[in-house]
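What follows is one structure encoded as structure tokens, with my remarks underneath.
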Amino acid sequence: MIQGRKQLIGAAMVLACACLTAQAVRHEPFDRSRIYWDMSTRCVPIGSPSGYGRMIQLQDGRLMMTGGAWSRGVECTFSKDYGKTWSAPEIIIRNTSEWEMCNPDIIQLADGTLLLGINPRPVQPYSEDRPFSIDVMRSTDGGMTWSGMTRVHTASHIGEDGCWEPAFLELPSGEVHCYFSLELVNSNDQEIMMSRSFDKGLTWTKAQRVSYRKGHRDGMPVAILTDNGEIVVTIEDNGQPGYESPDGFRATSLRCTLEQNWYDFWVDGGSPNRTTLLEDKAGLKYRGGGPYIRKLPTGETVASWMGEKAGLEDCGIDLYNHIVAVGDADARNFKCVNTSFYVPEGGRANWGSINVADDGCVYAIAGTYEGGQTEGNALIKGTPRKGFVAACGTPELDANPMKDAWVHEAGRQLTMGSQTGCRTEADFLYDDENLYFYAYVMDKDLITDAIDKDGIFFYLDVAGCCDTYPQEGMFKFFFGADGSVTMRSGKGNKWQAETPVPEVRQVLDRRTRYYRMEVAIPWKILGEECPPRDGRQMRMNFMVRDRRKTALLFEEIPEATDKASWTWPEFTLGENSGIGELVSGSTTRGTFRIEGCNVAFESERPVAGMEAYTVAGALVASVPDASLILPGSGIYLVRVRYADGSAERRKIAI
């Protein structure tokens, strides 16, 4: 009887396991923006030797970058075209034989006043009449001229007891905070302090403590005010439980309500108001210091720090990378960790920062060194996206995006490359017969004769499975740099065997140092008779395989995994708003004039009105004349209607 029961129990367990194995595990879709870094935007606005770069957008639309030029002083440069070009750097304040001007930080207040925070450091040998300090310079003319220095805080004249790293925050009331790090006298400990100004930086209150973990070194504060009314300060903390060591810094946040505003309040080592940034605690095994934080137009937050990553464990600060992650609206649960700059072996990208401009892009700045040459303060732009759009249109399959109506100009909706150095660009279209994509990959050492050859993986969840494992309606394509095309379909929690797909058309243009392709995937091989229009949530993934002589590398979308489509970015088919029927610039019967978000159309023919659509087909502006205002940066389709009843369309970028 006992043996019979055992047999029944065993059979039940086998049946249960079989059911579990076959059962799909649907998951809530990944709902966090990821930053897609565009390697074509990389530049060096302030050259060597320079570091500690900071950037803001001024109220007149210009970008302003400051940096500490070690042998020169504090410099600044300006851009009028969102970082494409920069003015020649100008010195705001010079170093002298007795002083080095360090750690510049910049803010523009609501009334237009610019404040430049500086950390004057006395040159050795030290003397009591030359203390370490935090000072502020002001400009009321957009950075053309600057006042003398105003003292915020005076520390000791001894380096071990000095102060460092000023950073500003303006509150809605107009009160301005200046946060900084302060060494404790006769101790190796360090605390975060803050001084207030109620007159736009002319005078400052006595500094007060914001945070202190006994026996450790809180440092490098940067503050934001969240939309939920919380002051959040990111710091480096070398005392996080389990990671305590002199160099064991981890990016950490402190928080205080706006109502409390640090009055009779500070954060100690055990406070619940002190937490690490990363949601995934496994990431805490990597050291990370010098954090920076800003808010995204999506309502989320974005943070950066310099630190280690996989393959660079225990590398030391001179080999740190610039790391970026995206948090929620409360500046918690940061994930989608990625490097902003590609750093070759022996190089670094450190002492950096980030900021966000009104073009919606994230600007990363870091002092870069490419294994032999110090570059200075470099900059790269990234776009935060939760997903991608395929516009309605039919491209000419010739591996050249310039004549087609891709979502982004020149087919650059998706941009990657910071992990492997393989600059990657891709974009998407569709029509009633096919789904199309264009891709460009820069690869300095193309290898096409290996089993794991160079190429692109393109994943689709057409059925909207949003699953943890591959199911029917999920597909994994590989497009080799040798012209080969294969597909795996999902079924029963597994990718099925890889098979050639002659129905897919691929036009490949392979050169010595890059390859590009245009691809047509018939809807029918995806199990669809026509483009899905039933409101289902499709998802996609994109990965570049970079085969090298001694390594196999992958350029991947952060936190998008091979089998789990719930981790993939959402994928939307745009409405047929005519984007595939664009009139080229040479035949347009007028000229567009664009200033900011204002678009005017000039033509000798009478204009009866204009409409503007997103690439997804949503109407965003309609006017009865030849001038309209767009809601923000992006790619738009503008339809011009003439008085004679004719019309034409143009795609424009703001």
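The values are calculated or read from the model by the stated rules, or taken from the named source; none is laboratory data. On a predicted model such as this, the values are computed, not experimentally measured, just so you know. Reconstructed Cβ throughout: ideal geometry from the backbone, glycine too, with neighbour counts over all protein chains shown. Side chains included, ligands, DNA and RNA excluded: accessible areas come from the protein's heavy atoms. Shrake-Rupley method; radii C 1.70, N 1.55, O 1.52, S 1.80 Å.
Okay, residues lined up against (1) at pLDDT below 95; (2) more than 30 Å from residue 308 (Cβ to Cβ):
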| position | (1), (2) |
| --- | --- |
| 197 | no, yes |
| 207 | no, yes |
| 215 | no, no |
| 242 | yes, no |
| 247 | yes, no |
| 250 | no, no |
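Going residue by residue through the stretch 428-435, is there one that turns out to be open to solvent by 20 Å² or more (accessible area, probe 1.4 Å) and over 29 Å from residue 630 (Cα atoms)? Within the stretch 428-435 (the criterion being open to solvent by 20 Å² or more (accessible area, probe 1.4 Å) and over 29 Å from residue 630 (Cα atoms)), the answer is yes, since at least one residue qualifies.
Residues being closer than 20 Å to residue 239 by Cβ and either modelled with pLDDT of 95 or more or touching a helix residue (DSSP H, G or I) at 6+ places or on another chain (Cβ under 8 Å) (or both): count how many of those fall in the stretch 164-187.
So the count comes out to 10.
Taken together, the criteria exclude residue 75 from residues that are in contact with a strand residue (DSSP E or B) (Cβ under 6 Å, 6 or more places away or on another chain), open to solvent by 70 Å² or more (accessible area, probe 1.4 Å), part of a strand (DSSP E or B) and at pLDDT 95 or above.
Can you find a residue that is assigned to a loop (DSSP other than H, G, I, E, B), surrounded by fewer than 18 Cβ atoms within 10 Å (Cβ to Cβ) and acidic (Asp, Glu) anywhere in the stretch 455-472? Taking every residue of the stretch 455-472 in turn, at least one turns out to be assigned to a loop (DSSP other than H, G, I, E, B), surrounded by fewer than 18 Cβ atoms within 10 Å (Cβ to Cβ) and acidic (Asp, Glu).
Residue under question is residue 151, and the condition is that it be over 23 Å from residue 62 (Cβ atoms), under 36 Å from the mean Cα position of the chain (by Cα), part of a strand (DSSP E or B) and at pLDDT 95 or above; does it hold? Steps first, please.
Details: over 23 Å from residue 62 (Cβ atoms): yes; under 36 Å from the mean Cα position of the chain (by Cα): yes; part of a strand (DSSP E or B): yes; at pLDDT 95 or above: yes.
For residue 151, the condition - over 23 Å from residue 62 (Cβ atoms), under 36 Å from the mean Cα position of the chain (by Cα), part of a strand (DSSP E or B) and at pLDDT 95 or above - is met.
For the stretch 175-195, check the following and say yes or no: at least one residue is open to solvent by 10 Å² or more (accessible area, probe 1.4 Å), in a loop (DSSP other than H, G, I, E, B), polar (S, T, N, Q) and under 30 Å from residue 326 (Cβ atoms). No, the conditions are met nowhere in the stretch 175-195. The set of residues in the stretch 240-265 being farther than 22 Å from residue 279 by Cβ and assigned to a strand (DSSP E or B) consists of 257 alone. Kindly provide the set of residues from the stretch 114-130 that are open to solvent by 20 Å² or more (accessible area, probe 1.4 Å), in a strand (DSSP E or B) and polar (S, T, N, Q), ordered by number. Answer for the stretch 114-130, where residues must be open to solvent by 20 Å² or more (accessible area, probe 1.4 Å), in a strand (DSSP E or B) and polar (S, T, N, Q): there is none.
Among the candidates 282, 364, 310, the residue that is in a strand (DSSP E or B) and not basic (Lys, Arg) is uniquely 364. The set of residues in the stretch 196-206 being part of a loop (DSSP other than H, G, I, E, B) and open to solvent by less than 20 Å² (accessible area, probe 1.4 Å) consists of 201 alone. Residues in the stretch 211-239 that are under 28 Å from residue 102 (Cα atoms) and part of a loop (DSSP other than H, G, I, E, B): 213, 214, 215, 216, 218, 238, 239. In this structure, residue 142 does satisfy being touching an Asp or Glu at 6+ places or on another chain (Cβ under 7 Å) and in a loop (DSSP other than H, G, I, E, B).
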